Amino acid sequence: MRRIRAVDVRRRRCLAAGVAALVLACAATAAERADRFDPTRDAAADVARALERAKASGRRVLDDVGGEWCSWCHVMDAFFASDAEARALRDASYVWVKVNWSPQNRNEALLSRWPRISGYPHLFVLDADGTLLHSQDTSVLEAGNGYDHDRFVAFLTRWSAPKPRTALRSVST
């Protein structure tokens with residue numbers, strides 16, 4: 001009987017440790033990329049943190065400007081949720097940041113650094129040093145009531161950071 005209890009205690013400890021690790025991983029993911037457009041967030045600080053992560057990981061920053069009021073912003077979220085290839089390419093190549101634009105917070109100080117936006121959602125691609133590389137009107141990525149897989153993947157591929165070149169060693173004969 002004692003042996004069974006010791007096994008149960010170990011299992012419970014392992015389960016508790018696993019749950020704690022999962023909670024911490026989820027918290028880190030949520031901190032890295034807010035899943036909502038939040039007018040109370042400091043968008044400039046979010047972009048600064050994204051630039052740090054991009055520099056450390058060899059990725060670029062993709063700023064998604066919109067708001068919870070924006071129906072096409074939710075369509076884009078659904079597109080990435082349902083398209084594993086596009087989501088994997090986005091996550092491997094970019095640090096994704098949602099920048100709120102709404103009557104509650106227009107984030108004018110941050111958004112004034114970049115070209116004027118004519119519609120939402122709008123994407124800005126930044127190099128890891130913060131240089132604006134591209135301003136993307138997302139309407140050209142649309143198809144019907146959603147986003148076109150091939151167009152979006154082409155956009156993500158076109159603006160992703162170049163892969164580092166590996167040094168070739170000469171072989172002596």
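Give the residues of segment 117-135 that are touching a residue at least 24 places away in the same chain (Cβ under 8 Å) and among the hydroxyl-bearing types (Ser, Thr, Tyr), sorted by residue number.
TYR120
Conditions (1) modelled with pLDDT of 95 or more; (2) touching a strand residue (DSSP E or B) at 6+ places or on another chain (Cβ under 6 Å); (3) not in a loop (DSSP other than H, G, I, E, B), marked per residue:
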position	(1), (2), (3)
VAL61	yes, yes, yes
ASP64	yes, yes, yes
TRP72	yes, no, yes
ALA78	yes, no, yes
LEU89	yes, no, yes
VAL97	yes, yes, yes
ALA109	yes, no, yes
TRP114	yes, yes, no
TYR120	yes, yes, no
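Taking segment 63-110 on its own, how many of its residues are within 16 Å of VAL47 (Cα to Cα), surrounded by 15 or more Cβ atoms within 10 Å (Cβ to Cβ), touching a residue at least 60 places away in the same chain (Cβ under 8 Å) and over 12 Å from the mean Cα position of the chain (by Cα)?
Result for segment 63-110: 5.
Is at least one residue of segment 148-155 in a strand (DSSP E or B), modelled with pLDDT of 95 or more and touching a strand residue (DSSP E or B) at 6+ places or on another chain (Cβ under 8 Å)?
There is no residue in segment 148-155 that is in a strand (DSSP E or B), modelled with pLDDT of 95 or more and touching a strand residue (DSSP E or B) at 6+ places or on another chain (Cβ under 8 Å).
If a residue has to be outside any strand (DSSP E or B) and touching a strand residue (DSSP E or B) at 6+ places or on another chain (Cβ under 8 Å) to count, how many in segment 131-147 make the cut?
2
Being of a type in the set (A, V, I, L, M, F, W, C) and modelled with pLDDT under 55, is that true of even one residue in segment 30-37?
Scanning segment 30-37 turns up at least one residue that is of a type in the set (A, V, I, L, M, F, W, C) and modelled with pLDDT under 55.
The values are calculated or read from the model by the stated rules, or taken from the named source; none is laboratory data. Just so you know, these numbers come straight off a predicted model, no measurement behind them. All Cβ positions, even for glycine, are placed from backbone atoms using ideal geometry, and neighbour counts span all protein chains on display.
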